[in-house]
Amino acid sequence: MRILDRYILKELIGPFLFGVCTFTSLFIASSVLFRVAQYISQYGATSMHVIKMLLYSLPEVINYTFPMSVLLACLTGFGRLSGNSEITAMKSGGISFFRISSPVLIAALCLSLFSVVFAEKVVPDARTAYRNLVYYEIQGNTKPPSQNHIVVKGMKKGEIERLIYARNFDEATERMNNLTVEEFDEKGNLKGIQNAEYAIWGDGKWTLVNGTSHEISKDEGIKRSMSFDEQILPLDIQPRDVGLAQKKPDQMTIREIRLQIDILKRQYLPVAIYETEMYQRFTIPMASLLFAMIGTPLGMQPQRTSSSLGLGLSVVIIFLYYTVMTVSTALGQGGTIHPMVAAWIPNLICLGIGSYLMKLRNR
C-alpha cells in the first residue's frame, strides 16, 4: 500500500469508528432501550436479561451503521483534507480525483463484502437468540405460539432428508394442520410425498391422520399411491421445538430463505416478503460502497467544511436513503413491484447520484 493510500485511509478511520459508535448508540437509545424498559416494567426482566438483549441487538444495529459511518467518514475526512488545502496540493502534484478516491472506494467495497458475510453468518442467529430470550425467558412462555406456514426440515449428514410443510400449528392442541411431507433420497431427488389432514402429538410421537402417500420415481413420476387413516411420521422433534424451528425472514440465512421460497411456491403461496429480504441481504451492505461514492466528492468541496456540517449532511442523506428504502420495501413485500426491483431502487438512485458527483468533481 502506498504512502498516499495509507494517509487517506488513516484520515478516515477515526471518523468511521466515531460514526459506528455514534449511530449504534442512537439506534440502541431510540429503539432497544425502550423495549428493555417495557420488559423490565411488565415482566421483571433481570439485569442479565438486559445485558443479553443488548448483546443480541448489536450485530443487526452495527451492520446497519456501516454505510452511515462510511458516509460520515468521507464527508468529514475529506472535508478536513480539503479545508487544509491538502486535496489541492495533491491535484497540483498531478494526482487525479479518481486516484485520490480509489483507496476509499476499495476499502468501502471490502466493507460491503464483509457486511454481506456478517449479515449471513452472525445477524440471523443473533435475531433468533433475541426472540427466544424475550419469548421464553423474559415473558415466561412455556409453549410455542400458534403459527402459520410451518416448515420443519429433517437433516441427515448435513443434507435434507425430509421437508414438512403445515398450513398452521396450534400450540394448544399440539397439532399441525394440512400437511405435506416430502422425502428425498441420498442424491437429493424427491422419492415420496405424503399429504395428511393433520398431524397430532401423543405418546412421544407424531401421527399423520387421514392422508395419502405417493411413491415417486425420478424417471417414471408417481409409481404408487395409497390412502391411510393413521400413519407414524418419523419426526424427532417435540411440539415446543416446532415453534423454535420457525423463523421470520430476517432470522433466516439466504439458503434457508431460498428453501422457504421453494416450499411456499409449491403450495402456491405468496413469497414476496422472503424474496425482498433475500435481495436486501446484498443491497443494504452494498450501500457502504455507494455512500462512499457520494461522500467522497461532497467531502472534497474547495471551501472549508466543519465536522458538524459533515455530520448534518450525512444525517440528511441517510434519512433520505432509508425513507426510500422503507417505501420500496413495503411495495416489494406487498407485491406491487418486483421484490428485486424494490430492493435495488435505493441503491440505483445512490449509484446514479454518486456517479454524477464523481464525474462532476473529476472535471
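Report the residue count in the stretch 174-213 for those that are in contact with a Phe, Trp or Tyr (Cβ under 9 Å, 6 or more places away or on another chain) and without any contact (Cβ under 8 Å) to a residue 24 or more places away in the chain. Working first, answer last.
The initial filter retains those residues of the stretch 174-213 that are in contact with a Phe, Trp or Tyr (Cβ under 9 Å, 6 or more places away or on another chain), namely 174-182, 190-192, 194, 196, 199-200, 207-213.
From what's left, without any contact (Cβ under 8 Å) to a residue 24 or more places away in the chain: 177-178, 182, 209-210, 212-213.
Looking only at that region, the number is 7.
Looking at the stretch 40-51 only, could you name the residues that are surrounded by fewer than 18 Cβ atoms within 10 Å (Cβ to Cβ), in a helix (DSSP H, G or I) and of a type outside the set (V, I, T)?
At the first step, the residues of the stretch 40-51 found to be surrounded by fewer than 18 Cβ atoms within 10 Å (Cβ to Cβ) are 40-44, 46-48, 50-51.
With in a helix (DSSP H, G or I) added as a condition, the list becomes 40-43, 47-48, 50-51.
Hits for the stretch 40-51 are S41, Q42, Y43, S47, M48.
So, in the stretch 155-203, how many residues would count as being part of a loop (DSSP other than H, G, I, E, B), surrounded by 15 or more Cβ atoms within 10 Å (Cβ to Cβ) and more than 30 Å from the chain's Cα centre (by Cα)? Can you show your working first?
Within the stretch 155-203, the subset part of a loop (DSSP other than H, G, I, E, B) is 157-158, 171-174, 185-189, 203.
Subset that is surrounded by 15 or more Cβ atoms within 10 Å (Cβ to Cβ): 171, 174.
Now restrict to residues that are more than 30 Å from the chain's Cα centre (by Cα): 174.
Residues that pass the stated criteria total 1.
When the residues of the stretch 100-154 are filtered to those that are part of a strand (DSSP E or B) and of a type in the set (S, T, N, Q), which remaining residue is nearest to R167 (Cα to Cα)? So that I can check it myself, show each step before the final result.
Of the stretch 100-154, the ones part of a strand (DSSP E or B) are 147-154.
This time we only want the ones that are of a type in the set (S, T, N, Q), so: 147-148.
Values: Q147: 9, N148: 6 Å.
Result: N148.
Regarding the stretch 124-147, can at least one residue be identified that is hydroxyl-bearing (S, T, Y), in contact (Cβ under 8 Å) with a residue 60 or more places away in the chain and open to solvent by less than 10 Å² (accessible area, probe 1.4 Å)?
no
Going residue by residue through the stretch 79-98, is there one that turns out to be part of a helix (DSSP H, G or I), touching a residue at least 60 places away in the same chain (Cβ under 8 Å), within 30 Å of M358 (Cα to Cα) and in contact with a Gly (Cβ under 7 Å, 6 or more places away or on another chain)?
Filtering the stretch 79-98 down to residues part of a helix (DSSP H, G or I) leaves 79-83, 86-92, 97-98.
Subsequent filtering for residues that are touching a residue at least 60 places away in the same chain (Cβ under 8 Å) retains 79-83, 87-88, 90, 97-98.
Within this subset, residues satisfying the condition of being within 30 Å of M358 (Cα to Cα) are 79-83, 87-88, 90, 97-98.
If we keep only those that are in contact with a Gly (Cβ under 7 Å, 6 or more places away or on another chain) too, we end up with 79, 82.
The answer is yes; a qualifying residue exists.
Mind checking which helices (runs of 4 or more DSSP H) fall wholly inside the stretch 213-301 and carry at least 2 residues that are touching a helix residue (DSSP H, G or I) at 6+ places or on another chain (Cβ under 6 Å) and either more than 22 Å from I160 (Cβ to Cβ) or at pLDDT below 80 (or both)?
On the way: elements: 239-245, 254-266, 272-299.
Those helices (runs of 4 or more DSSP H) span 272-299.
Taking the criterion of being β-branched (V, I, T) and within 30 Å of R127 (Cβ to Cβ), would at least one residue in the stretch 207-221 satisfy it? Reasoning before the result, please.
Here is the first cut: in the stretch 207-221, the ones β-branched (V, I, T) are 207, 209, 212, 216.
Those still in the list that are within 30 Å of R127 (Cβ to Cβ) too: none.
Within the stretch 207-221, none of the residues are β-branched (V, I, T) and within 30 Å of R127 (Cβ to Cβ).
For D185, all conditions in the list (1) in contact with a Lys or Arg (Cβ under 9 Å, 6 or more places away or on another chain); (2) of a type in the set (D, E); (3) closer than 25 Å to E277 by Cβ hold save one; what is the number of the exception?
For D185, the failing item is (3).
Tally the residues that are open to solvent by 20 Å² or more (accessible area, probe 1.4 Å), more than 29 Å from Q280 (Cβ to Cβ) and of a type in the set (S, T, N, Q), restricting the search to the stretch 55-101.
Of the residues in that region, 5 qualify.
This table checks each residue for (1) within 22 Å of the chain's Cα centre (by Cα); (2) surrounded by fewer than 16 Cβ atoms within 10 Å (Cβ to Cβ); (3) closer than 16 Å to C74 by Cβ.
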{"residue": "F23", "(1), (2), (3)": "yes, no, yes"}
{"residue": "A29", "(1), (2), (3)": "yes, yes, no"}
{"residue": "F34", "(1), (2), (3)": "no, yes, no"}
{"residue": "M53", "(1), (2), (3)": "yes, no, no"}
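Residue-by-condition table, conditions (1) outside any helix (DSSP H, G or I); (2) at pLDDT 90 or above; (3) closer than 30 Å to I261 by Cα:
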{"position": "R304", "(1), (2), (3)": "yes, no, no"}
{"position": "S308", "(1), (2), (3)": "no, no, no"}
{"position": "V315", "(1), (2), (3)": "no, no, no"}
{"position": "T326", "(1), (2), (3)": "no, yes, yes"}
{"position": "P346", "(1), (2), (3)": "no, yes, yes"}
{"position": "Y356", "(1), (2), (3)": "no, yes, no"}
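The values are calculated or read from the model by the stated rules, or taken from the named source; none is laboratory data. Everything quoted here is computed from the prediction, not taken from an experiment. Because the Cβ atoms are built from the backbone with ideal geometry, glycine has one as well, and the counts that use them run over all protein chains shown. Surface areas here come from the heavy atoms of the whole protein model, side chains and all, with no ligands, DNA or RNA. Shrake-Rupley method; radii C 1.70, N 1.55, O 1.52, S 1.80 Å.
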